[in-house]
Amino acid sequence: MRNATRPYVICHMLPSIDGRIVLRDWKLKNATREYEQTAASFNADAWIIGRVSMEPYAGRARVPARKSRERIARDDFIAEHDATSYAIALDPSGKLTWRASDIEGEHVITILTESVRDDYLAFLQSKRVSYLFGGKSRIDLARVLQKLRSRFDIRTLLLEGGGKINGSFLAANLIDEVSILIGPVADGSTGTASLFDVENQHSPARNLKLISIEKRADDFVWLRYKVRR
């Protein structure tokens with residue numbers, strides 16, 4: 001049974017057969033097509049990634065200094081929009097400089113901590129980028145998910161990396177399903193990001209139940225698992 005207070009979270013990733021997620025020189029035929037097609041099958045309301053992964057989508061814009069010295073209240077900001085799907089960035093320190101308030105029609109929501117500068121909040125408001133606060137100095141992911149459900153009615157959320165963000169969700173036991181499109185490649189590198197990089201070494205492993213396995217075109221294999229609770 002789904003939790004009615006937060007979105008159903010599906011971690012959807014394309015790793016190598018040894019679990020690496022930095023594509024480098026893989027040269028996989030139709031990787032983007034296969035990844036997007038399998039992702040679309042979930043009919044998700046939104047997707048979420050970390051700051052580094054979001055940088056190419058956000059672009060670069062100048063954050064002007066404010067003339068006013070009045071402090072901006074640390075209240076969530078919901079910009080006017082008519083979108084029905086969302087692109088969400090976890091950006092605790094407020095470093096993404098958005099060029100627009102949408103990514104191919106999907107309204108942007110950025111997740112911040114209350115430590116961000118007033119100049120940055122004013123910048124987001126001017127760009128009509130919605131933002132939610134996840135905590136004072138650290139992001140509480142459970143709290144963020146509840147806000148995404150209550151403020152935007154997001155019911156299904158694709159978690160798409162990187163490894164540390166995935167690991168944080170895993171450690172917090174907030175992943176409901178794992179969807180892995182395995183690329184036909186062995187990476188063999190060391191020190192590169194993997195599917196789940198959990199910083200807290202005391203976080204327990206999560207047991208999974210296989211839902212399905214599907215051989216896709218060009219030697220991709222799609223595995224789906226439910227997280228056991």
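From the residues 137, 200, 165, which one has its Cα farthest along the dipole of region 135-203 in the positive direction, the dipole being from +1 and -1 charges on Cβ of Lys/Arg and Asp/Glu about the Cα centre?
The listed residue farthest towards the positive side: 137.
Send over the Kirkwood Rh of the chain, from the inverse of the averaged 1/r over different Cα pairs, rounded to one decimal Å.
Details: mean 1/r = 0.0538 Å⁻¹.
After inverting the mean inverse Cα-Cα distance, the result is 18.6 Å.
Counting DSSP beta bridges with both partners in the chain, what percentage is antiparallel, nearest 5?
Given both bridge residues lie in the chain, the antiparallel proportion sits at roughly 40 percent.
Could you state the angle between the C-alpha long axis of helix 118-127 and the longest principal axis of the C-alpha atoms of the chain, as a value from 0 to 90 degrees rounded to the nearest 10?
Helix 118-127 sits roughly 70 degrees off the main axis of the chain.
Compare the peptides 21-28, 120-127, 221-228 by average per-residue count of other Cβ atoms within 10 angstrom and give them in order, highest first.
Result, highest mean Cβ count within 10 Å first: 120-127, 221-228, 21-28.
Taking a threshold of 28 Å on the Cα-Cα distance, which of the pairs 27/95; 95/226; 95/147; 67/95 fall above it?
Over 28 Å Cα-Cα: 27/95; 95/226.
Which whole-percent values make up P(r) of region 78-119 when all C-alpha to C-alpha distances are grouped in 5 Å steps starting at zero?
6, 21, 29, 24, 14, 6
At a 10 angstrom cut-off on C-beta neighbours, averaged per residue, how do the peptides 66-72, 6-12, 144-150 rank from highest to lowest?
6-12, 144-150, 66-72
For region 42-121, what is the convex hull volume of its Cα atoms per residue in Å³?
Considering the Cα atoms of region 42-121, their hull volume per residue is 106 Å³.
Which peptide among 80-89, 181-190, 46-55, 207-216 comes first, and what is the full order, when sorted by highest mean count of other Cβ atoms within 10 Å?
Result, highest mean first: 46-55, 80-89, 181-190, 207-216.
What value, in deg cm²/dmol to 500, does the helix sum -39500 (n - 2.57) over DSSP H runs of n ≥ 4 give at 222 nm once divided by the residues of the chain? Provide the component values of the computation, followed by the final result.
On the way: 5 runs with 49 residues, N = 229.
So the calculated ellipticity at 222 nm is -6000 deg cm²/dmol.
So how long is each side of region 163-227 along the principal axes, counting just the alpha-carbon atoms, biggest first, in Å?
So the extents along the principal axes, rounded to whole Å, are 38, 29, 15.
Do me a favour and compute the ellipsoid semi-axes for region 146-187 from its Cα gyration tensor, root of five times each eigenvalue, largest one first, whole Å.
They are 25, 13, 9 Å, listed from largest to smallest.
Decide, for region 4-46, between rounded, prolate and oblate: order the square roots of the alpha carbon gyration tensor eigenvalues as a ≥ b ≥ c, take rounded if a/c falls under 1.5, and otherwise choose prolate if a/b is larger than b/c, else oblate.
On the way: a/c = 3.75, a/b = 1.88, b/c = 2.00.
Since a/c reaches 1.5 but b/c is at least a/b, the shape of region 4-46 is classed as oblate.
Laboratory data are not the source of any read-out in this text; all were calculated from the coordinates shown. Please read these numbers as outputs of a predicted model, since none were measured by experiment. Every residue, glycine among them, receives a Cβ derived from its backbone with ideal geometry; neighbour counts consider all protein chains shown.
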